Amino acid sequence: MPEGTHEFEYHLDKQFFVNMESTDIHDADLDVKLTVTHKHDIYNLAFHVTGTVTLICDRCLDDLIQPIDATYDIAVKFGDDYSETDDTLTIPENDPVLNVSYMIFDTASLAIPIKHVHPLGKCNRAMSALLRKHRAVKSDDEEEAELTDRLIDEMDSMEPEPEAPTDPRWDGLKGLKTADDNTEN
């Protein structure tokens, strides 16, 4: 690759995650922008992954659409042997090809929260009711069990809070940024 900046774009769907043998991600609509800056035998790779993945909600087992917006930067250089640190990857000179699919997969996977749960009030109510009915109570305290059931009922019936109004001064400043972006293009 000649020195300079090179940009690559990829679109990832369900098949990418099937090929990577991922069982957590059931569908995907991700766009990947990879910017490679080659300068003095060092390749700086900057990944930006945006889009959505479909997971299974840990609580109600319905589909959960999870937005993804993640970045990852790493420097790649040639050396005698394969080695890796947090920010540098050294690959053998006799292996001039670098498969970035694993880096893209890791970037997308690490952007997914550990708990896959719908926001409050968005879980499947029928499944939540079954969960309450069949859950094991670890306490002999009936009051604690009743309180837990009431809290779960309240969480399931909650409507999402409307967004708080923003300060008009900030909205005016955001308008300036948008105007600047439009004049550059």
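Which one of D63, D69 is open to solvent by 30 Å² or more (accessible area, probe 1.4 Å), out of contact with any Gly (no Cβ under 9 Å at 6 or more places or on another chain) and not basic (K, R)?
One residue alone meets the criteria, D63.
Enumerate the pairs (first residue in the range 15-26 and within 11 Å of S109 (Cα to Cα); second residue anywhere and modelled with pLDDT of 90 or more and part of a loop (DSSP other than H, G, I, E, B)) with beta-carbon separation below 6 Å, excluding pairs fewer than 6 apart on the same chain, so at least 6 apart or on different chains.
F17/I25
Would you point out which residue out of V97, V76, V49 is more than 30 Å from A129 (Cβ to Cβ), open to solvent by less than 40 Å² (accessible area, probe 1.4 Å), over 14 Å from the mean Cα position of the chain (by Cα) and not hydroxyl-bearing (S, T, Y)?
Of V97, V76, V49, the one residue that is more than 30 Å from A129 (Cβ to Cβ), open to solvent by less than 40 Å² (accessible area, probe 1.4 Å), over 14 Å from the mean Cα position of the chain (by Cα) and not hydroxyl-bearing (S, T, Y) is V76.
For residues in the range 53-87 being of a type in the set (D, E, K, R) and not in a loop (DSSP other than H, G, I, E, B), which is farthest from S109 (Cα to Cα)?
Selected residue: K77.
Do we find that S109 is at pLDDT below 85, of a type in the set (S, T, N, Q), open to solvent by less than 80 Å² (accessible area, probe 1.4 Å) and not in a strand (DSSP E or B) in this structure?
Spelling it out, it is not the case that S109 is at pLDDT below 85, of a type in the set (S, T, N, Q), open to solvent by less than 80 Å² (accessible area, probe 1.4 Å) and not in a strand (DSSP E or B).
Does T88 fit the bill of being out of contact with any helix residue (DSSP H, G or I) (no Cβ under 6 Å at 6 or more places or on another chain), within 22 Å of H118 (Cα to Cα), surrounded by fewer than 16 Cβ atoms within 10 Å (Cβ to Cβ) and of a type in the set (S, T, Y)?
No.
Which one is surrounded by the fewest Cβ atoms within 10 Å (Cβ to Cβ), of the residues in the range 16-28 that are modelled with pLDDT of 90 or more and in contact with a helix residue (DSSP H, G or I) (Cβ under 9 Å, 6 or more places away or on another chain)?
Checking each candidate, the answer is N19.
The values are calculated or read from the model by the stated rules, or taken from the named source; none is laboratory data. Just so it is clear, the structure is predicted and the values come from calculations on it, not from any experiment. Virtual Cβ from ideal backbone geometry, glycine too; neighbours counted across all protein chains shown. The accessibility values were calculated without ligands, DNA or RNA, using every heavy atom of the protein model including side chains. Shrake-Rupley method; radii C 1.70, N 1.55, O 1.52, S 1.80 Å.
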